[in-house]
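Reading through the structure tokens given below for one structure.
The values are calculated or read from the model by the stated rules, or taken from the named source; none is laboratory data. Fair warning: this is a prediction, and the values are worked out from it, not measured in the lab. Backbone-built Cβ (ideal geometry, glycine too); neighbour counts: all protein chains shown.
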């Protein structure tokens, strides 16, 4: 009853918590040319686990900002302007906080839940796997 | 080697689910 496949359809969160599910969803997003949204989502989780005393953490925050937020990529397009400004200012002031990407991650997650996740569950790649 | 891309990939990789 609680097979991986049953979990995948339960929620996006359960899909992304399962290794095979996450990789299959990533393959789907690569095909749809919006894999950046998923990589950003995982980067936010990875960032949250980093040690704030480590000098690498500020660098990683800057890299995430440059890669996904500053430019006009799909992640940036799906974020609210205020959210992007908040992150930009935090980095400028070097005020790094574990939760600084939380709002952005939530916004991206909501879009994924409403669009890509629903499309994935009816996609060939998913049905073939099933 | 600690390029920006390496750092980012390591950050993403650290959050990917491990095999259950």
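Values computed for the structure shown
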item	result
Which numbered condition residue A:50 misses (of (1) touching a residue at least 40 places away in the same chain (Cβ under 8 Å); (2) in a loop (DSSP other than H, G, I, E, B); (3) more than 13 Å from chain B (Cβ to nearest Cβ))	(3)
Test result for residue A:28, closer than 24 Å to residue A:15 by Cβ, in contact (Cβ under 8 Å) with a residue 40 or more places away in the chain and within 11 Å of another protein chain (Cβ to nearest Cβ)	no
Within the range A:1-22, tally of residues that are more than 8 Å from chain B (Cβ to nearest Cβ) and closer than 28 Å to residue A:84 by Cα	5
Unmet requirement for residue A:87, which otherwise passes all of (1) farther than 30 Å from residue A:130 by Cβ; (2) at pLDDT below 95; (3) more than 14 Å from chain B (Cβ to nearest Cβ)	(2)
Conditions (1) more than 14 Å from chain B (Cβ to nearest Cβ); (2) closer than 20 Å to residue B:3 by Cα; number of the one not met by residue A:64	(1)
